[in-house]
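Okay, structure first, notes after.
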Amino acid sequence: MKAHFSKAGFILAAAGSAIGLGNIWKFPYITGVYGGGAFVLAYIVAVLFIGIPLLIGEMAIGAIGKKDPVGSFESLAKKAAGVWKNVGFSMLTGLVILSFYSIVIGWILYYLFLSLSTLPQTVEEAKTVFETMLALDIKTQILFHTLSMVITVFIVYLGVDKGIEKTNLILLPILFVILLFLFFYSMSFDSFSLAVGFMFVPDFSLLTPKALLVAVGHAFFTLSLGMATMLTYASYTDKNTNYVKSAIIVSLMEIGVAIFVGITLFAFLFNFGFESNQGPGLVFVSMPSLFYNFGMFGNILAVLFFIALAFASITSAISILEPTTAYIMAEKKWSRKKSVAVFGALVWGVGILLLLSNTKEYSATFTFFSKGLFDWFDFVSSAILLILGGIFTALFLGFGADKNNLKMHMTHFMSDFAFEAWYFGVKYCIPPVLIALMIYMISE
Ligand code: TRP
């Protein structure tokens, strides 16, 4: 029998995939860099008008096709359109993402461990800790990257229900409790209202084309779109799981968590007079050094914070490994064990090269056109590959798939009118917007 999610298990697994480093690490820092309110608004609009329709589309392909990524695209394609199955290979973007995602999970696991001892007393000290790890401490980074991959591979090896569903069932509630606790705690700061203002009062002069682009790219990344992840998860549902509703719930949860976490972190930062525009170091530099101010309690806060980051990112990492695993098992008849071992090892090996590209000793070897390999992988995947995956998925839904077939299935869960509106948007509105974005991005 095919592996299977329960209804709640599916929503949790999809939410676990969506809610990740994108929410706790990336969203706050890009919001800081691009100036707050207006950027948050752009992100919400991008999730509502591009993210939700595409998420519904991806889930529909998996739920109707009930196969691995390539197989699902193939079984929904109109007869003459066999080439469309290749859209399924957008799943390979996942391996690119996982190779740097796992390095960041490694940093988190290391910081979890550091949080147990003395916290850095000043920002300078915290910066030194982070930069030393990044540039000089190759062994530690390899160790924790390895640990992160072992955990990810092991969960995916356990399978859809015993591994993925169960992990999400346990980790996500704990994650929510920790985030809520930190949020309520941050309400006691005077800076809380400042943080709310920063997140919600838009200054449209800050909304440059670049910021808009980043917002759309982030909507893709954070909803796990454009690489067949949600499609693969949806293929494990039974036929009365309402994926339209699930897609909307997951997207709203995603926005909710991003905003709560954003307010929390900025309240903490502003309370100690930190700047909002700290960039990627926000989580690894600013946060640890401000926790120091709480004494012993600061260690507890730091541990909770890094546990939250670890749980959020592990539930995402497993969702990135599952599509290729599903594909190779279905199409090449590999066992689950062999699939995860081979892809895991591949990602692990590439990850080490990426990690070396950040080090002092090897950065020259792994720097191309003045960007290190790590940054290249991040940029190429979230700025180009995911959006390309989204464009092809939308084109497939509009032109490659049989509309009547889609309509027959999807109107179980939405009205005829809603279906037509969705179909029109996905076919005629989303591709041109995304293509324009791509062109702008490449000509940048
Ligand atoms: N959505 C996750 C995050 O916000 C990352 C992620 C998981 C992802 N699976 C993905 C991104 C698939 C793109 C595609 O951290």
Scan the range 426-444 and report the pairs whose first residue is closer than 17 Å to residue 211 by Cα and whose second residue is of a type outside the set (A, V, I, L, M), with Cβ atoms within less than 7 Å and a gap of 6+ or a chain change.
434/390; 440/209
Can you pull out the residues in the range 238-248 that are in a helix (DSSP H, G or I), more than 16 Å from the chain's Cα centre (by Cα) and either more than 16 Å from residue 45 (Cα to Cα) or not β-branched (Val, Ile, Thr) (or both)?
243, 244, 245, 246
Any chance residue 99 is over 30 Å from residue 241 (Cα atoms), part of a loop (DSSP other than H, G, I, E, B) and of a type in the set (Ser, Thr, Tyr)
no
Checking residue 259 against (1) closer than 26 Å to residue 443 by Cβ; (2) within 16 Å of the ligand (Cβ to nearest atom): exactly one of these is not met. Which one?
(1)
For residues that are touching a helix residue (DSSP H, G or I) at 6+ places or on another chain (Cβ under 6 Å) and part of a helix (DSSP H, G or I), scanning just the range 180-195, find the one that is surrounded by the most Cβ atoms within 10 Å (Cβ to Cβ).
195
Looking at this structure, is residue 393 under 26 Å from residue 9 (Cα atoms) and within 16 Å of the ligand (Cβ to nearest atom)?
yes
Would you check which residues across the range 71-115 are more than 16 Å from the ligand (Cβ to nearest atom), among the hydroxyl-bearing types (Ser, Thr, Tyr) and closer than 16 Å to residue 140 by Cα and list them?
110, 111, 115
Exactly one condition in (1) within 30 Å of residue 72 (Cβ to Cβ); (2) within 16 Å of the ligand (Cβ to nearest atom) is false for residue 244; which is it?
(2)
Check 253, 187 and return the single one that is within 16 Å of the ligand (Cβ to nearest atom) and either in contact with a Gly (Cβ under 6 Å, 6 or more places away or on another chain) or over 25 Å from residue 440 (Cβ atoms) (or both).
253
Yes or no: residue 334 more than 19 Å from residue 216 (Cα to Cα), under 20 Å from the mean Cα position of the chain (by Cα) and hydrophobic (A, V, I, L, M, F, W, C)?
no
Could you list, in sequence order, all residues of the range 196-218 that are of a type in the set (Val, Ile, Thr), part of a helix (DSSP H, G or I) and more than 15 Å from residue 270 (Cα to Cα)?
214, 216
Picked from the range 17-38 (must be crowded, with 24+ Cβ neighbours inside 10 Å and near the ligand (Cβ under 9 Å from one of its atoms)), the residue farthest from residue 214 (Cα to Cα) is 17
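Laboratory data are not the source of any read-out in this text; all were calculated from the coordinates shown. Computed from a predicted structure; not experimentally measured. Methodologically, a virtual Cβ is constructed for each residue, glycine included, from the backbone with ideal geometry; neighbour enumeration extends over all protein chains shown.
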